[in-house]
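What follows is a single structure, written as structure tokens, with notes after it.
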Amino acid sequence: MKKSPLMKITAALGLCVALSASAAADTVLRVATWLPPGHAMNAEMWPTWGKWIEEATEGRVKIKLEYGMGHPKSMFDLVEDGVVDASFSYHGYVPGRFKLPQIAEQPGLDSNAEDASVALWRVQDKYFKDAGEFEGLTLAAIFTHGPGYVHTIKPVDSLAALEGKKIRIGGGIQSDLGKRLKITPIAAPGSKVYEMLQQGVIDGVFMPMGEQQSLRLYEVAPNVLAVPGGMYLGSFSIFINPDFLADLPKKDRDAIMSVSGEKLSAMAGRAWDNADAKGLAFAKSKGVKITSNKQLGEEFKQFSKGLDHEWIENVKSKGVDAKGALKELRKIAQSQAK
């Protein structure tokens, strides 16, 4: 039997209402990001986690990136206050609040970002979880970028030659290294580095190799002092607003957390490693001068000696087994590398 035009219209309207209801039922996890779209965090890490979340929740939760939300240090407050639902940031941007994750920044770990991130998550979960540094936030992952080096406008052939130069630092272990190297430290977020180098406000910057490509450092800092194994690792966290999670059905809340934690930490670290490998190849193709030799490594050992013990003393008030945590962190990172 043929349907009348009215019945067809009614059926079509019903379908539209059903589709609208289905679309409205989707929950959007709004993620604030402060790095450019082409950066590994935005091009690889967030899309991958978003796919995991969508699959785990059977399409009920999706992520949406929000750009231009402010200084990276403000991300913790934006998420805690519910302005956005999730974000990530560098712990060194908030001096004094996140002392424990800087365990992974200490020289001597001799690890890539993925292995260090797995180790950091496990140590955070075992030793630091109850210390309260992430109070007001739900920790979804904790990870590191790859080995950090010094990128400069003019060639520098030794660490001693950095004395007095204006070097951008991101905080954390970089501040401690800066004091020992007797540089003139200039604190600034990564997003401002290109402009500062271009204008000669700074002579160089502490950053991993991937930024030669993602932040176009090759144009303004075509010289890299690459200490073998790197000078430090930078620690970050991914965090979610607890109220956002509490408002979700338990099955979706559990689904999101099932694709977070160590799995997400490892993937974020791996994204940095991939970016560093691409950045190194890219820098070489652009004629960037990379200085790296055994003598530089020995020089750095002298400059950085005892920094890990200073960190242990610095976190005594946290009431954690810092020495045991550091020993286990290094053991896990090295075992992951095998």
Top-ranked residue of the stretch 134-149 - restricted to ones that are surrounded by fewer than 24 Cβ atoms within 10 Å (Cβ to Cβ) and in contact (Cβ under 8 Å) with a residue 40 or more places away in the chain, ranked as farthest from residue 209 (Cα to Cα): 136
Answer residue from the stretch 299-330, given it is free of Cβ contacts under 8 Å to residues at least 12 places away in the same chain and under 20 Å from residue 142 (Cα atoms) and is farthest from the chain's Cα centre (by Cα) among those: 323
Can you say whether residue 187 is of a type in the set (A, V, I, L, M), surrounded by fewer than 17 Cβ atoms within 10 Å (Cβ to Cβ) and in contact with a Leu (Cβ under 9 Å, 6 or more places away or on another chain), as far as the supplied structure shows? no
Report whether or not residue 201 is among the aliphatic types (A, V, I, L, M) and over 23 Å from the mean Cα position of the chain (by Cα). yes
Output the residues belonging to the stretch 1-54 that are modelled with pLDDT of 95 or more and surrounded by fewer than 12 Cβ atoms within 10 Å (Cβ to Cβ). 28
Can you tell me which residue is surrounded by the most Cβ atoms within 10 Å (Cβ to Cβ) among those in the stretch 191-207 that are part of a helix (DSSP H, G or I) and modelled with pLDDT of 95 or more? 193
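Would you call residue 255 within 24 Å of residue 32 (Cα to Cα), buried (at least 19 other Cβ atoms within 10 Å of the Cβ) and over 22 Å from the mean Cα position of the chain (by Cα)? So that I can check it myself, show each step before the final result.
Numbers: within 24 Å of residue 32 (Cα to Cα): yes; buried (at least 19 other Cβ atoms within 10 Å of the Cβ): yes; over 22 Å from the mean Cα position of the chain (by Cα): yes.
So residue 255 fits the description; yes.
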Looking only at the stretch 55-80, and only at residues there that are of a type in the set (Val, Ile, Thr) and not in a helix (DSSP H, G or I), the one that is surrounded by the most Cβ atoms within 10 Å (Cβ to Cβ): 57
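Against the definition (among the charged types (D, E, K, R), part of a helix (DSSP H, G or I) and touching a Gly at 6+ places or on another chain (Cβ under 7 Å)), how does residue 114 come out, yes or no? Break it down stepwise before answering.
Numbers: among the charged types (D, E, K, R): yes; part of a helix (DSSP H, G or I): yes; touching a Gly at 6+ places or on another chain (Cβ under 7 Å): yes.
It is true that residue 114 is among the charged types (D, E, K, R), part of a helix (DSSP H, G or I) and touching a Gly at 6+ places or on another chain (Cβ under 7 Å).
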In the stretch 58-75, the residues that are touching a Lys or Arg at 6+ places or on another chain (Cβ under 8 Å) and either touching a residue at least 40 places away in the same chain (Cβ under 8 Å) or acidic (Asp, Glu) (or both): 66
When only residues in the stretch 169-185 that are in contact with a strand residue (DSSP E or B) (Cβ under 7 Å, 6 or more places away or on another chain) and assigned to a helix (DSSP H, G or I) count, which is farthest from residue 94 (Cα to Cα)? 178
How many residues, within the stretch 208-253, are in contact (Cβ under 8 Å) with a residue 40 or more places away in the chain, in a helix (DSSP H, G or I) and within 29 Å of residue 281 (Cβ to Cβ)? 7
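So is residue 98 touching a residue at least 60 places away in the same chain (Cβ under 8 Å) and touching a His at 6+ places or on another chain (Cβ under 6 Å) or not? Write out each step before concluding.
Working: touching a residue at least 60 places away in the same chain (Cβ under 8 Å): yes; touching a His at 6+ places or on another chain (Cβ under 6 Å): yes.
Here the answer is yes, as residue 98 does meet what is asked.
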Enumeration of residues in the stretch 37-72 that are farther than 15 Å from residue 270 by Cβ and small (Gly, Ala, Ser): 38, 50, 56, 59, 68, 70
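Filter the stretch 287-325 down to the residues that are charged (D, E, K, R) and closer than 29 Å to residue 131 by Cβ, then identify the one that is surrounded by the most Cβ atoms within 10 Å (Cβ to Cβ). So that I can check it myself, show each step before the final result.
Taking the stretch 287-325 as the starting set, the residues that turn out to be charged (D, E, K, R) are 289, 294, 298-299, 301, 305, 308, 310, 313, 316, 318, 321, 323.
Restricting the remaining residues to those that are closer than 29 Å to residue 131 by Cβ gives 305, 308, 310, 313, 316, 318, 321, 323.
Numbers: 305: 12, 308: 19, 310: 11, 313: 8, 316: 9, 318: 16, 321: 14, 323: 11.
Only one residue fits best here, namely 308.
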Out of 96, 148, 92, report the one residue that is under 30 Å from residue 295 (Cα atoms) and modelled with pLDDT under 95. 92
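The values are calculated or read from the model by the stated rules, or taken from the named source; none is laboratory data. Predicted model, so just to flag it, every value in this text is computed and none were measured. Cβ coordinates were reconstructed from backbone atoms using ideal geometry, including for glycine residues, and neighbour counts include every protein chain displayed.
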